[in-house]
1. If R0 is 56 Å, what FRET efficiency do you get for residue C:162 and residue B:303 from their C-beta distance, rounded to 0.05?
2. Where in region A:201-224 is the amide nitrogen less than 19 Å from a point lying 7 Å along the Cα-to-Cβ axis of residue A:44?
3. Rounded to whole Å, give me the distance from the Cα center of region D:132-149 to that of region D:252-286.
4. Tell me the relative contact order for region B:257-347 as a rounded percent, counting alpha carbon contacts under 8 Å between residues six or more apart.
5. Using alpha carbon centroids, what distance separates region A:213-242 and region D:302-348, in Å?
6. Against the globular-protein guess of 2.2 N^0.38 Å, express the Cα radius of gyration of region C:186-244 as a ratio, rounded to two decimals.
7. Show me, bin by bin at 5 Å from 0, the whole-percent P(r) of region A:94-209 based on Cα pairs.
8. Go from 0 up to the bin containing the longest alpha carbon distance in region D:1-96, width 5 Å each, and give me the % of pairs per bin.
């Protein structure tokens, strides 16, 4: 009954096996290992982008920060939602790497609308040298609220960005979960929809710690490499990143894991809907649910061993009837039985 | 015959086993995993420093940069040697994280003398608000030239630093190799000798990729944590760092590995001394040798399958009698037979 | 009829005379000129703060940025309004100098309420090392909308900040205009109301280009000096800053000039109120008015030689009846006759 | 007898008159004042560079830092001498604005040789992504030691830089003094000699505080403007910078002043040569002399009212016979009689 985060579960055994298998003999460091050549080919294949620049990095904060730094000048502002991970959960890392600022677009459900984006872009207008200049758009797919942009919605956002000469970045910490939910290709969800760069997540979906940075226009590839190194993010024993990503992508393991996580989440959602005191805040579309129920119910669940975050208050104190918001996240390793156990307890 | 770098060999099987063992069930992320509690205790024990703040990070560049950033103000200058890794091999990462500058102290053999340090410190004097202010000292042990500071030498350097109100950092990418060579304790080589913070290397000595940052005065611990996060260096699935370090330290594995690497290096050195055309540039004291021999000899060795870096020219072209400098590095995984094969080939 | 900005008018002749008078013989540079000693005493006197650290700098962007940098850590966020000059009009200078970010508090009339501040502070809570940490509060007095905080309102804001361990900065680009309007002392409006540092404006109120940075707790004085120098903001021939500020403060010239500017603004407001098609957006309290009137009326005024900014559209094109917002700013040098000329034209 | 610095004397009365004259009526701010149009034309004329981008800024540190920031990537290193003002006297401002580092080229007399430059450039080679990349060359003319590069020497340096794809910056804090000494044109000393950007000094040569930044290839002009603003270096009442520069350049005033300063320096040098205990360290070529004489002699001069810096010790204490180095700087305002008074005292 551990639903605290999709970074709390184990790596998939196949990923671990690949790591063990890679641990033989000598290999050139810093990305010159032969496994990386395979990974580059795999990712270009997945994205149908034979020219794309592909790099590995240890986590999403680093992926987002280094990519955004190659896309942003220090005097610009990056457009993202109010609840974007790059704004809320990275302790100013994007500001550190870019030296720029973020403009927060309001959102009802984690998703930015093209209209809201346009309004903010225009709001940053007219000040010439005095105000921040327009930098890139950054959207998160799956969003931080567990919702998913349709392909049309992504296209509308990137078209709006392009209209103002802005590039678009996709924070895909849960890329696979979105792809599975949309039943689309990686290309559909990215460059075919106007996305310029992708943080392609592995960590939350069954790896130990690896993300790919994918740059469709490879002109800034060398700058990316220098910025990655300068950020302390170029690994000497790089093969241990490569091996994770290789196994992650092999034989569709990544999609199978995302499928499993999403299925567990759907099972959870179905069960939550049957509970009269529970209200889901957003329609869960991938592997994450935000739900509201009385403080006393949260306390009962947590006391009974369920593990998840209550976002806006302390279940231990205060009005037992007052509703609090909980967050449930599923990863590939969760079992149907585990989810049932949680639901039985809830309905219990 | 792979002597290119100690980051090219495999991780020790015990380290890998620990990683596999850690890959069970759920664990809180971001350093809150239970293995990290053990690691913290292990390192405090190794350093005889029960109050020390201890953090893990992926590589030496990150360890050095984040530690130095907690020790340095943006208007200060960090004193290091001309050949310091933080100056030559980190693509301005220390400057990025500290916003400060480096003052380069000349060195004959990779080691800074207290006199040379004093001269540079005084050279930065007298300019009040106009010039850079004095920041910390950073020394590397084992040095980038394969030499080792004696405990007296470290004490003389840190005493000089303290005289000017400066703190001292030790870049211990090859910490274990130095400790084994000096036959001293970790405490002897660090806080007992005036060192304030340590980048305690694991990666080059049998881990996949992990370094410990040790801060003897834990006042800046929270700042370190924030800077690590802001640099994108806080891992979500942190247990995979913890597990590496736990196994690395358990039962003296780290010292055994360093011992093995140093022994292979001594074997190499002994063999090199017997070759009349070979000259070693510095007395090899740990696991790294810089040696000079004619270009033609380098070419012969490399053509025959020896792998190592030639530092100052191309063995393929030019005067075959002209001497070039090669670098040989040994890691824990090298065998006596492998070294013998290299030497046999050399003596051909 | 020039109402575009209070930085467009001339410096007061007495300020210019002081500059000419200072231009005799030799003077030590970089703030060691004897006039600066007088200025320091004057400002400490004005603020009833005998221990305050006092520095001069060329403009408000620099004053705000260097002060905020001494108050903010790179992983923190500065709380200001959505329309704060530091957010909208400094091209990321505060981000450049602090390496931090800004949290925007919504505002109806340019003034932040303590409740809105508290809500934003709490919104940045609960994320530990992952989110930005709480940095200082920065408020602008006179606000960017021409409104003025009462002393009670300032106290409520700084008390809220203090409750969360935050310091408070006051951007006083129009400090004198506010003081005159509130009929209070400089101490009342700052440290007695919980303000820790002040950007004390001179430029917009009759100087050529000089602001004082006032730090009530002088502990960070040396850091300020180093940051000012590092930002390229320490003038060698500093006497020309000192002389401006000396004359500005002498015999209450600064208050007289603010009084004059405010009086012209009141005259303008009175006239605008009589025009049926004009609506003032905020009650003008100092020297700046935002007013709405039909596009055609703006066009008529501008065509007739009135100079001011229309903020949200082009008077030359579009629906002549659609209202647009204009901004009128008065400085010390405006005459009653000049304002009357504008009003006569308006009432046509 | 004030020889401490050329930033200690008064501004030329004609410069001050221009300032007073500019203080009439309203003028658009931020560089849009009509005087700036004249200044732009004047400087393009002086440099015979009709396309050059021209900006004004308050001092040399800012001029150097903002120009270098437009020429340098954060992962690069700037090549300058060990005694460069940007290294020694700007409290890390260049590092702040560029985020890069400096590589120090050794120098005997303040001048860099093309050979020494080449050696350092090659020394930064061969490390690929690991080391700093090559950024621009920055030389100072007149150098910090009072010496002057010949046109051939400048050409040799910029040719070396170009060979490695590097741009060249000239720190011309004493530009006029060098031009007068070389009897060449501004174009000869800059773009005709391979210089890409110039910090064109006014402050030390009779202005209150103004430097021009001249960029011969105007492609980075907009970036310069944004960086200047972001550094807090765009003045609202910009006309007061423009007026200074306008008067400075009008009718060759700037060259007359430099001529006067150089002449006083030559007079000083002639007198010093006659003193047996005095040794000049470098052949004085412009308006600055470094000379060595016994501590007791320094003490005698300073006690008698001469004002200058003793660079390497305290004249008040220690061996009276030990030589110390003094620095004498002349500005436009020094009189022949004043210099004679100093020399009479010396020969006393």
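Nothing in this text is a laboratory measurement; each read-out follows from the coordinates by a stated rule. Predicted, not measured: the structure shown is a model, and the values here were computed from it. Here the Cβ positions follow ideal geometry from the backbone for every residue, glycine too, while neighbour counts run over all protein chains shown.
1. Given R0 = 56 Å and the Cβ-Cβ separation, E is 0.15.
2. Only A:212-224 pass the distance filter.
3. Value for the Cα centre distance between the two parts: 22 Å.
4. With pairs under 8 Å counted, the relative contact order is 36 percent.
5. The distance from the Cα centre of region A:213-242 to that of region D:302-348 comes to 57 Å.
6. Expressed relative to 2.2 N^0.38 Å, the Cα Rg reads 1.24.
7. 2, 11, 21, 23, 20, 13, 6, 3, 1, 0
8. 2, 9, 13, 17, 17, 17, 15, 7, 3, 0
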